[in-house]
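> This is the structure, below, for whatever I ask next.
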(Lines give C-alpha, C1' and ligand atoms only; values in the text may rest on other atoms or scores of the structure.)
Protein backbone atom coordinates (compact mmCIF):
# COMPACT_ATOMS: atom_id res chain seq x y z
CA UNK A 1 0.00 0.00 0.00
CA UNK A 2 1.24 3.53 -0.74
CA UNK A 3 0.29 7.07 0.17
CA UNK A 4 -2.50 8.16 2.49
CA UNK A 5 -5.91 7.58 0.96
CA UNK A 6 -8.39 10.47 1.11
CA UNK A 7 -11.72 9.63 -0.47
CA UNK A 8 -14.90 11.33 0.69
CA UNK A 9 -17.02 8.74 -1.09
CA UNK A 10 -15.65 5.70 0.75
CA UNK A 11 -18.49 3.61 2.08
CA UNK A 12 -18.01 1.29 5.07
CA UNK A 13 -20.55 -1.46 5.68
CA UNK A 14 -20.67 -3.00 9.16
CA UNK A 15 -22.62 -6.24 9.03
CA UNK A 16 -22.73 -7.24 12.67
CA UNK A 17 -24.54 -5.69 15.67
CA UNK A 18 -21.86 -3.31 16.84
CA UNK A 19 -22.91 -1.23 19.86
CA UNK A 20 -24.18 2.30 19.22
CA UNK A 21 -21.32 3.82 21.22
CA UNK A 22 -18.67 2.22 19.00
CA UNK A 23 -20.58 3.09 15.84
CA UNK A 24 -20.69 6.72 16.93
CA UNK A 25 -16.98 6.73 17.80
CA UNK A 26 -16.15 5.56 14.29
CA UNK A 27 -18.33 8.26 12.75
CA UNK A 28 -16.78 10.93 14.96
CA UNK A 29 -13.20 9.90 14.20
CA UNK A 30 -13.50 9.14 10.49
CA UNK A 31 -15.53 12.11 9.26
CA UNK A 32 -14.69 11.51 5.58
CA UNK A 33 -16.19 8.02 5.55
CA UNK A 34 -19.79 6.99 5.15
CA UNK A 35 -20.79 4.26 7.63
CA UNK A 36 -23.74 1.92 7.24
CA UNK A 37 -24.72 -0.72 9.79
CA UNK A 38 -26.83 -3.60 8.47
CA UNK A 39 -27.14 -7.11 9.90
CA UNK A 40 -30.07 -8.37 7.82
CA UNK A 41 -28.71 -10.57 4.98
CA UNK A 42 -31.48 -9.57 2.57
CA UNK A 43 -31.17 -5.87 3.30
CA UNK A 44 -27.39 -6.06 2.85
CA UNK A 45 -27.92 -6.43 -0.90
CA UNK A 46 -29.05 -2.77 -0.90
CA UNK A 47 -25.58 -1.66 0.21
CA UNK A 48 -22.89 -4.11 -0.90
CA UNK A 49 -22.55 -2.78 -4.46
CA UNK A 50 -21.41 0.61 -3.12
CA UNK A 51 -19.23 -0.76 -0.32
CA UNK A 52 -15.49 -0.12 -0.33
CA UNK A 53 -14.71 -1.49 3.14
CA UNK A 54 -16.65 -4.12 5.06
CA UNK A 55 -16.46 -5.01 8.74
CA UNK A 56 -18.22 -8.33 8.49
CA UNK A 57 -20.10 -10.61 10.78
CA UNK A 58 -22.60 -11.96 8.31
CA UNK A 59 -21.47 -12.32 4.72
CA UNK A 60 -22.76 -14.62 2.01
CA UNK A 61 -21.06 -15.53 -1.22
CA UNK A 62 -23.63 -13.57 -3.24
CA UNK A 63 -22.91 -10.49 -1.14
CA UNK A 64 -19.24 -10.69 -2.03
CA UNK A 65 -19.90 -11.32 -5.73
CA UNK A 66 -21.96 -8.13 -5.90
CA UNK A 67 -19.44 -6.08 -3.92
CA UNK A 68 -17.44 -5.04 -6.98
CA UNK A 69 -15.91 -1.98 -5.27
CA UNK A 70 -14.77 -3.84 -2.17
CA UNK A 71 -11.11 -3.25 -1.33
CA UNK A 72 -10.79 -4.64 2.18
CA UNK A 73 -12.79 -7.14 4.22
CA UNK A 74 -12.25 -7.09 8.00
CA UNK A 75 -13.79 -10.05 9.83
CA UNK A 76 -15.14 -9.66 13.35
CA UNK A 77 -13.69 -12.98 14.59
CA UNK A 78 -10.73 -15.27 14.04
CA UNK A 79 -12.35 -17.97 11.87
CA UNK A 80 -12.03 -17.41 8.12
CA UNK A 81 -13.02 -20.74 6.53
CA UNK A 82 -16.67 -19.82 5.99
CA UNK A 83 -15.67 -16.65 4.12
CA UNK A 84 -13.13 -18.14 1.70
CA UNK A 85 -15.34 -18.11 -1.37
CA UNK A 86 -13.53 -18.91 -4.65
CA UNK A 87 -14.19 -15.36 -5.83
CA UNK A 88 -12.61 -13.91 -2.69
CA UNK A 89 -9.53 -16.12 -2.92
CA UNK A 90 -9.05 -15.10 -6.55
CA UNK A 91 -9.57 -11.39 -5.88
CA UNK A 92 -7.25 -8.57 -4.79
CA UNK A 93 -9.47 -7.81 -1.79
CA UNK A 94 -7.47 -7.60 1.42
CA UNK A 95 -8.72 -10.00 4.08
CA UNK A 96 -8.04 -9.50 7.78
CA UNK A 97 -9.42 -11.26 10.81
CA UNK A 98 -9.66 -10.39 14.49
CA UNK A 99 -7.69 -13.39 15.65
CA UNK A 100 -6.75 -12.06 19.06
CA UNK A 101 -10.20 -10.92 20.25
CA UNK A 102 -11.17 -14.38 21.53
CA UNK A 103 -7.74 -15.48 22.73
CA UNK A 104 -8.11 -14.59 26.40
CA UNK A 105 -11.51 -16.22 27.08
CA UNK A 106 -10.53 -19.24 24.99
CA UNK A 107 -7.32 -19.68 26.98
CA UNK A 108 -9.28 -19.39 30.21
CA UNK A 109 -11.77 -21.95 28.91
CA UNK A 110 -8.91 -24.38 28.32
CA UNK A 111 -7.86 -24.08 31.94
CA UNK A 112 -11.43 -24.45 33.13
CA UNK A 113 -11.47 -27.79 31.31
CA UNK A 114 -8.05 -28.78 32.62
CA UNK A 115 -9.01 -28.08 36.23
CA UNK A 116 -12.42 -29.70 35.75
CA UNK A 117 -10.43 -32.79 34.78
CA UNK A 118 -7.60 -32.73 37.33
CA UNK A 119 -9.76 -31.75 40.32
CA UNK A 120 -12.53 -34.20 39.37
CA UNK A 121 -15.23 -31.53 39.46
CA UNK A 122 -17.72 -33.69 37.59
CA UNK A 123 -17.67 -36.33 40.32
CA UNK A 124 -17.79 -33.72 43.07
CA UNK A 125 -20.77 -31.97 41.48
CA UNK A 126 -22.68 -35.22 41.07
CA UNK A 127 -21.91 -36.19 44.68
CA UNK A 128 -23.16 -32.84 45.95
CA UNK A 129 -26.49 -33.34 44.21
CA UNK A 130 -26.79 -36.70 46.01
CA UNK A 131 -25.80 -35.26 49.42
CA UNK A 132 -22.76 -37.55 49.28
CA UNK A 133 -19.30 -37.05 50.86
CA UNK A 134 -16.93 -38.89 48.49
CA UNK A 135 -13.49 -37.82 49.68
CA UNK A 136 -12.22 -41.38 50.07
CA UNK A 137 -13.70 -42.56 46.75
CA UNK A 138 -11.90 -39.83 44.76
CA UNK A 139 -8.75 -39.63 46.88
CA UNK A 140 -6.48 -41.38 44.36
CA UNK A 141 -8.05 -39.76 41.27
CA UNK A 142 -6.93 -36.20 41.89
CA UNK A 143 -3.88 -34.91 40.02
CA UNK A 144 -2.22 -31.58 39.32
CA UNK A 145 -0.99 -29.62 36.33
CA UNK A 146 2.42 -28.85 37.82
CA UNK A 147 5.25 -30.41 35.77
CA UNK A 148 2.77 -32.01 33.36
CA UNK A 149 3.35 -31.66 29.61
CA UNK A 150 0.96 -29.64 27.47
CA UNK A 151 1.06 -29.94 23.70
CA UNK A 152 -0.31 -27.01 21.71
CA UNK A 153 -1.31 -28.06 18.21
CA UNK A 154 -1.46 -24.60 16.71
CA UNK A 155 0.60 -21.82 18.28
CA UNK A 156 -1.14 -18.70 17.02
CA UNK A 157 -2.68 -15.98 19.18
CA UNK A 158 -4.84 -18.47 21.08
CA UNK A 159 -2.00 -20.93 21.58
CA UNK A 160 0.25 -18.17 22.89
CA UNK A 161 -2.30 -17.16 25.53
CA UNK A 162 -2.72 -20.79 26.59
CA UNK A 163 1.05 -21.26 26.79
CA UNK A 164 1.46 -18.13 28.92
CA UNK A 165 -0.99 -19.50 31.49
CA UNK A 166 0.52 -22.98 31.34
CA UNK A 167 3.90 -21.63 32.38
CA UNK A 168 2.25 -19.91 35.35
CA UNK A 169 1.03 -23.37 36.43
CA UNK A 170 4.57 -24.74 36.15
CA UNK A 171 3.84 -26.90 33.13
CA UNK A 172 6.15 -27.99 30.34
CA UNK A 173 4.83 -26.62 27.06
CA UNK A 174 5.43 -28.11 23.63
CA UNK A 175 4.08 -26.77 20.36
CA UNK A 176 3.31 -28.05 16.88
CA UNK A 177 3.31 -25.55 14.07
CA UNK A 178 3.94 -25.37 10.35
CA UNK A 179 7.22 -23.54 10.90
CA UNK A 180 8.82 -25.05 14.01
CA UNK A 181 11.77 -22.67 13.72
CA UNK A 182 9.51 -19.79 14.69
CA UNK A 183 10.08 -19.51 18.42
CA UNK A 184 7.74 -18.57 21.25
CA UNK A 185 9.13 -17.64 24.66
CA UNK A 186 6.43 -19.65 26.45
CA UNK A 187 7.01 -22.84 24.45
CA UNK A 188 9.84 -25.11 25.57
CA UNK A 189 10.01 -27.27 22.46
CA UNK A 190 8.56 -26.88 18.98
CA UNK A 191 7.67 -29.71 16.59
CA UNK A 192 6.73 -29.79 12.92
CA UNK A 193 3.52 -31.44 11.74
CA UNK A 194 5.63 -34.33 10.46
CA UNK A 195 6.50 -35.02 14.11
CA UNK A 196 2.92 -34.73 15.37
CA UNK A 197 2.49 -38.31 16.55
CA UNK A 198 5.80 -38.31 18.42
CA UNK A 199 4.80 -35.10 20.17
CA UNK A 200 1.34 -36.44 21.08
CA UNK A 201 2.87 -39.59 22.53
CA UNK A 202 4.68 -37.55 25.18
CA UNK A 203 1.88 -35.16 26.12
CA UNK A 204 -0.50 -35.26 29.07
CA UNK A 205 -2.78 -32.59 27.63
CA UNK A 206 -3.29 -31.87 23.92
CA UNK A 207 -4.85 -28.53 23.00
CA UNK A 208 -6.16 -27.98 19.47
CA UNK A 209 -6.58 -24.43 18.19
CA UNK A 210 -6.15 -25.11 14.49
CA UNK A 211 -8.00 -23.43 11.62
CA UNK A 212 -9.95 -25.55 9.15
CA UNK A 213 -7.78 -26.00 6.06
CA UNK A 214 -7.20 -28.75 3.53
CA UNK A 215 -4.24 -29.85 5.66
CA UNK A 216 -6.07 -29.95 9.00
CA UNK A 217 -9.53 -31.35 8.22
CA UNK A 218 -9.84 -34.77 9.93
CA UNK A 219 -6.19 -34.53 10.96
CA UNK A 220 -7.10 -36.12 14.28
CA UNK A 221 -8.35 -39.49 13.09
CA UNK A 222 -7.67 -43.02 14.24
CA UNK A 223 -3.93 -43.06 13.51
CA UNK A 224 -3.16 -39.81 15.33
CA UNK A 225 -5.51 -40.55 18.23
CA UNK A 226 -3.80 -43.90 18.78
CA UNK A 227 -0.62 -41.97 19.58
CA UNK A 228 -2.18 -40.55 22.76
CA UNK A 229 -0.73 -42.02 25.91
CA UNK A 230 -2.90 -43.47 28.66
CA UNK A 231 -4.84 -40.87 30.70
CA UNK A 232 -4.14 -38.07 28.19
CA UNK A 233 -6.83 -35.41 27.71
CA UNK A 234 -7.67 -33.87 24.30
CA UNK A 235 -9.20 -30.37 24.22
CA UNK A 236 -10.52 -28.82 20.99
CA UNK A 237 -11.34 -25.10 20.87
CA UNK A 238 -10.34 -24.54 17.23
CA UNK A 239 -12.47 -26.06 14.48
CA UNK A 240 -14.63 -29.16 14.84
CA UNK A 241 -13.65 -30.47 11.43
CA UNK A 242 -10.07 -31.00 12.62
CA UNK A 243 -11.28 -34.14 14.45
CA UNK A 244 -12.88 -37.11 12.69
CA UNK A 245 -15.69 -37.38 15.21
CA UNK A 246 -16.76 -40.97 14.57
CA UNK A 247 -13.16 -42.10 14.94
CA UNK A 248 -12.82 -40.12 18.18
CA UNK A 249 -15.97 -41.78 19.54
CA UNK A 250 -14.57 -45.21 18.69
CA UNK A 251 -11.21 -44.38 20.25
CA UNK A 252 -12.67 -43.04 23.51
CA UNK A 253 -15.09 -45.96 23.75
CA UNK A 254 -12.14 -48.36 23.60
CA UNK A 255 -9.81 -46.24 25.76
CA UNK A 256 -11.85 -45.16 28.80
CA UNK A 257 -8.83 -43.70 30.61
CA UNK A 258 -8.45 -41.13 27.83
CA UNK A 259 -10.85 -38.22 27.65
CA UNK A 260 -11.84 -35.20 25.59
CA UNK A 261 -13.27 -31.74 26.22
CA UNK A 262 -14.88 -30.45 23.05
CA UNK A 263 -16.20 -26.96 22.36
CA UNK A 264 -16.44 -27.31 18.56
CA UNK A 265 -17.89 -30.04 16.35
CA UNK A 266 -18.14 -31.21 12.75
CA UNK A 267 -21.84 -30.24 12.71
CA UNK A 268 -23.21 -27.46 14.91
CA UNK A 269 -25.42 -27.49 16.83
CA UNK A 270 -24.26 -30.97 17.82
CA UNK A 271 -27.22 -33.25 16.98
CA UNK A 272 -29.06 -34.60 20.04
CA UNK A 273 -28.44 -38.10 18.69
CA UNK A 274 -24.66 -37.72 19.03
CA UNK A 275 -23.03 -40.32 21.28
CA UNK A 276 -20.68 -37.64 22.60
CA UNK A 277 -23.38 -36.28 24.93
CA UNK A 278 -23.63 -39.51 26.91
CA UNK A 279 -19.96 -40.53 27.10
CA UNK A 280 -18.49 -40.42 30.61
CA UNK A 281 -15.06 -39.43 29.34
CA UNK A 282 -16.27 -36.53 27.19
CA UNK A 283 -17.17 -32.97 28.20
CA UNK A 284 -19.34 -31.11 25.67
CA UNK A 285 -19.71 -27.33 25.57
CA UNK A 286 -21.74 -25.55 22.84
CA UNK A 287 -19.04 -23.46 21.12
CA UNK A 288 -18.80 -20.95 23.96
CA UNK A 289 -15.06 -20.79 24.67
CA UNK A 290 -14.65 -17.43 22.93
CA UNK A 291 -17.57 -15.64 24.56
CA UNK A 292 -16.83 -12.67 26.81
CA UNK A 293 -18.35 -9.23 27.44
CA UNK A 294 -14.96 -7.73 26.50
CA UNK A 295 -15.06 -9.05 22.93
CA UNK A 296 -16.87 -6.19 21.22
CA UNK A 297 -14.52 -3.53 22.55
CA UNK A 298 -11.56 -5.53 21.24
CA UNK A 299 -13.27 -5.95 17.85
CA UNK A 300 -13.85 -2.20 17.64
CA UNK A 301 -10.24 -1.41 18.59
CA UNK A 302 -8.85 -3.82 15.98
CA UNK A 303 -11.04 -2.36 13.23
CA UNK A 304 -10.31 1.22 14.28
CA UNK A 305 -6.56 0.57 14.25
CA UNK A 306 -6.67 -1.20 10.90
CA UNK A 307 -8.89 1.48 9.40
CA UNK A 308 -6.30 4.11 10.29
CA UNK A 309 -3.59 1.94 8.75
CA UNK A 310 -5.63 1.37 5.60
CA UNK A 311 -6.21 5.09 5.13
CA UNK A 312 -2.51 5.78 5.73
CA UNK A 313 -1.37 3.16 3.24
CA UNK A 314 0.22 1.00 5.96
CA UNK A 315 0.28 -2.78 6.25
CA UNK A 316 -2.81 -4.10 8.04
CA UNK A 317 -2.67 -6.25 11.14
CA UNK A 318 -3.95 -9.85 10.98
CA UNK A 319 -3.70 -10.19 7.20
CA UNK A 320 -4.96 -13.60 6.11
CA UNK A 321 -3.14 -15.67 3.51
CA UNK A 322 -6.26 -16.53 1.54
CA UNK A 323 -4.76 -19.57 -0.18
CA UNK A 324 -3.53 -21.00 3.12
CA UNK A 325 -6.74 -20.29 5.00
CA UNK A 326 -5.19 -18.44 7.95
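> Kindly establish whether residue 107 is closer than 21 Å to residue 155 by Cα and part of a helix (DSSP H, G or I).
Values: closer than 21 Å to residue 155 by Cα: yes; part of a helix (DSSP H, G or I): yes.
Yes, satisfied.
> Given the conditions (1) surrounded by 20 or more Cβ atoms within 10 Å (Cβ to Cβ); (2) in the same structural domain as residue 77 (by the TED database); (3) free of Cβ contacts under 8 Å to residues at least 40 places away in the same chain, which single one is not true for residue 95?
Looking at each condition in turn, residue 95 falls short on (3).
> Given the criteria more than 27 Å from residue 85 (Cα to Cα) and at pLDDT 95 or above, does residue 262 qualify? Before the answer, list the steps.
Working: more than 27 Å from residue 85 (Cα to Cα): yes; at pLDDT 95 or above: yes.
So residue 262 fits the description; yes.
> Residues that are in the same structural domain as residue 95 (by the TED database), in contact (Cβ under 8 Å) with a residue 12 or more places away in the chain and at positive phi: which strands (runs of 3 or more DSSP E) entirely in the range 208-324 hold 1 or more of them?
Of the strands (runs of 3 or more DSSP E) lying wholly inside the range 208-324, none has at least 1 residues that are in the same structural domain as residue 95 (by the TED database), in contact (Cβ under 8 Å) with a residue 12 or more places away in the chain and at positive phi.
> Looking only at residues that are touching a residue at least 40 places away in the same chain (Cβ under 8 Å) and either touching a strand residue (DSSP E or B) at 6+ places or on another chain (Cβ under 8 Å) or outside the structural domain of residue 107 (by the TED database) (or both) in the range 156-190, which one is nearest to residue 238 (Cα to Cα)?
Going through the qualifying residues, I end up with 159.
> With respect to the numbered conditions (1) farther than 20 Å from residue 106 by Cα; (2) surrounded by fewer than 22 Cβ atoms within 10 Å (Cβ to Cβ); (3) modelled with pLDDT of 95 or more, which one is the sole condition not fulfilled by residue 180?
All conditions are met except number (3).
> Which one of 5, 53, 65 is surrounded by 16 or more Cβ atoms within 10 Å (Cβ to Cβ) and either assigned by the TED database to the domain that holds residue 302 or at pLDDT below 95 (or both)?
On the way: 5 fails: surrounded by 16 or more Cβ atoms within 10 Å (Cβ to Cβ); 65 fails: surrounded by 16 or more Cβ atoms within 10 Å (Cβ to Cβ).
Testing whether each residue is surrounded by 16 or more Cβ atoms within 10 Å (Cβ to Cβ) and either assigned by the TED database to the domain that holds residue 302 or at pLDDT below 95 (or both) leaves just 53.
> If you check 112, 90, which single one turns out to be free of Cβ contacts under 8 Å to residues at least 12 places away in the same chain and either surrounded by 11 or more Cβ atoms within 10 Å (Cβ to Cβ) or within 21 Å of the chain's Cα centre (by Cα) (or both)?
Answer to the check: 112.
> Right, another one. Could you list, in sequence order, the residues of the range 73-87 that are out of contact with any helix residue (DSSP H, G or I) (no Cβ under 6 Å at 6 or more places or on another chain) and touching a residue at least 12 places away in the same chain (Cβ under 8 Å)? Can you show your working first?
To start, the set of residues in the range 73-87 that are out of contact with any helix residue (DSSP H, G or I) (no Cβ under 6 Å at 6 or more places or on another chain) comprises 73, 75, 77-84, 86.
Hits for the range 73-87 are 73, 75, 77, 78, 79, 80, 81, 83, 84.
The values are calculated or read from the model by the stated rules, or taken from the named source; none is laboratory data. These figures come from a predicted structure and were not determined experimentally. A quick note on method: Cβ atoms are made from the backbone with ideal geometry, for glycine too, and the neighbour counts reach across all protein chains shown.
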